[in-house]
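Notes to accompany the following structure.
The values are calculated or read from the model by the stated rules, or taken from the named source; none is laboratory data. In this text, all values refer to a predicted model and were calculated from it rather than measured experimentally. Neighbour counts run over all protein chains shown; Cβ positions are idealised from the backbone, glycine included.
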Amino acid sequence: MADRKRVLSGMRPTGRLHLGNLHGALENWIRLQDQYECFYFVADWHALTTDYASPGNIGENSREMVLDWLSAGLDPRRSTIFVQSQIKEHAELYLLLAMITPLAWLERNPTYKEQQQQLEHKDLGTYGFLGYPVLQAADIIIYRANGVPVGKDQLPHIELTREIARRFNYLYKSEIFPEPDGLLTEAPVLPGLDGRKMSKSYGNCIFITDSGKDIAEKISRMMTDPQRVRRNDPGNPEVCPVFAYHKLYSSASEIEEIAHGCRSAGIGCVECKKILIRNVAARLAPVRERRAKFESDPDGLRDIIAAGNARAAREASATMELVRRAIGI
Ligand code: TRP
Ligand code: SF4
């Protein structure tokens, strides 16, 4: 359908995805496939903006991540799935956009200072790190995307993208680039096993392709309401990470029973976790099955990525034709 609006988003290649990634972004990406023409890519160059000194295995992590995307339900027949570094036009547009982007726009970007402080063990006083949002803008507007599904933390980058697109159109009297909208993903932050935000660096993750045994073992040692020490102490489900999962994985009647049972000490944590283990395992079983299928067919995976890259390259090079003509280069 030619008149469908276009959505684009990217993820850094972090390797295997966890439930925070699934509920925070991926489920939304999957849902958008019904309504939009979708482009989803591995932001492997972006990984280097913070990890240039120890890139690890970006290629392998990218492959793992795409496997998880497909396992969770991204459909290569409906979505263009590709790898940023394979589409060299991103770099060309990044260079041209760098020429027109005022330094002050980058210096005042709130995530710039924030991340430098958060990752103070890394030297992020680099040109590439400051220019990160320009690369992100190139990623987005080279596909003339209308919408970009992202979390709240990325909204300043989308705003900057709009400003850069507008400035390009103004300077070169063109109408090449639409100004994309951020499509905010309203997802509650999913707690990890220890109650902090789920994150690989905290080692508190449930991965979307964990086995039934892993799921049972992890949920069994998950933190509960710390005030509920003994079985007959009443608990408060609203402060309990286990209950946050029930809200996502259990039926309305189970949720109600558990909330009531917890408050009245009618249900113990072990029993409560058993119900959750069953529901999480059931929900993730098909993801794991699809993963096994894709893993057994490495050529198939390679073909999917190659086809996505080819489709993305066609789109990106068509845009660059227009861009060069507008600039007169
Ligand atoms: N900056 C994003 C992140 O860290 C990843 C990203 C790179 C991206 N380019 C993008 C997201 C383009 C959306 C659109 O999560
Ligand atoms: Fe948490 Fe369930 Fe225990 Fe209540 S009964 S504290 S919700 S694990």
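Listing for the model above:
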| item | result |
| --- | --- |
| Residue in region 33-46 that is in contact with a helix residue (DSSP H, G or I) (Cβ under 9 Å, 6 or more places away or on another chain), over 24 Å from GLU295 (Cα atoms) and part of a helix (DSSP H, G or I) present | yes |
| Among residues of region 83-113, those that are in contact (Cβ under 8 Å) with a residue 60 or more places away in the chain and not hydrophobic (A, V, I, L, M, F, W, C), counted | 6 |
| Close pairs (9 angstrom Cβ cut-off, 6 or more residues apart or separate chains): assigned to a helix (DSSP H, G or I) in region 303-325, loosely packed, with under 15 Cβ neighbours inside 10 Å anywhere | ALA313/LYS88; ALA316/LYS88; LEU322/SER174; VAL323/SER174; VAL323/ILE329; ARG325/SER174 |
| Odd one out for LEU155 among (1) buried (at least 18 other Cβ atoms within 10 Å of the Cβ); (2) within 14 Å of ligand 1 (Cβ to nearest atom) | (1) |
| Residue pairs meeting the criteria (Cβ under 6 Å; at least 6 apart or on separate chains; first more than 19 Å from LEU67 (Cβ to Cβ), in region 22-40; second assigned to a loop (DSSP other than H, G, I, E, B) and of a type in the set (Lys, Arg)) | TYR36/ARG4; TYR36/LYS5; GLU37/ARG4 |
| Flag if ALA25 is assigned to a helix (DSSP H, G or I), in contact with a helix residue (DSSP H, G or I) (Cβ under 7 Å, 6 or more places away or on another chain) and more than 19 Å from ALA312 (Cα to Cα) | no |
| Condition broken by GLU179, with the remaining ones in (1) at pLDDT 95 or above; (2) more than 16 Å from ligand 1 (Cβ to nearest atom) satisfied | (2) |
| Cross-chain or 6+ apart pairs with Cβ under 6 Å, region 122-137 first and touching a residue at least 40 places away in the same chain (Cβ under 8 Å) and within 12 Å of THR161 (Cα to Cα), then assigned to a helix (DSSP H, G or I) and small (Gly, Ala, Ser) | VAL134/ALA98 |
| Meets criteria (within 16 Å of ligand 1 (Cβ to nearest atom), without any contact (Cβ under 8 Å) to a residue 12 or more places away in the chain and either in a strand (DSSP E or B) or surrounded by fewer than 17 Cβ atoms within 10 Å (Cβ to Cβ) (or both)) for SER201 | yes |
| Single residue of ASP139, ASP123, ASP75, ASP153 found to be modelled with pLDDT under 95 and within 21 Å of MET65 (Cβ to Cβ) | ASP153 |
| Qualifying position, being of a type outside the set (Lys, Arg), in the same structural domain as ALA316 (by TED's automatic domain parsing) and closer than 17 Å to ILE304 by Cα, among GLY24, GLY59, GLY125 | GLY59 |
| ILE176 vs. criteria within 19 Å of THR49 (Cβ to Cβ) and more than 16 Å from ligand 2 (Cβ to nearest atom) | no |
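Yes/no matrix, rows are residues, columns are (1) of a type outside the set (S, T, N, Q); (2) under 24 Å from ILE327 (Cβ atoms); (3) touching a helix residue (DSSP H, G or I) at 6+ places or on another chain (Cβ under 8 Å):
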{"site": "ILE142", "(1), (2), (3)": "yes, yes, yes"}
{"site": "ALA145", "(1), (2), (3)": "yes, yes, no"}
{"site": "VAL148", "(1), (2), (3)": "yes, no, yes"}
{"site": "LYS152", "(1), (2), (3)": "yes, no, no"}
{"site": "PHE168", "(1), (2), (3)": "yes, yes, yes"}
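Let's see how each residue does on (1) on the phi < 0 side of the Ramachandran plot; (2) of a type in the set (Lys, Arg); (3) within 27 Å of the chain's Cα centre (by Cα); (4) surrounded by 15 or more Cβ atoms within 10 Å (Cβ to Cβ):
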residue	(1), (2), (3), (4)
CYS272	yes, no, no, yes
LYS293	yes, yes, yes, no
ASP297	yes, no, yes, no
GLY308	yes, no, yes, yes
ILE327	yes, no, no, no
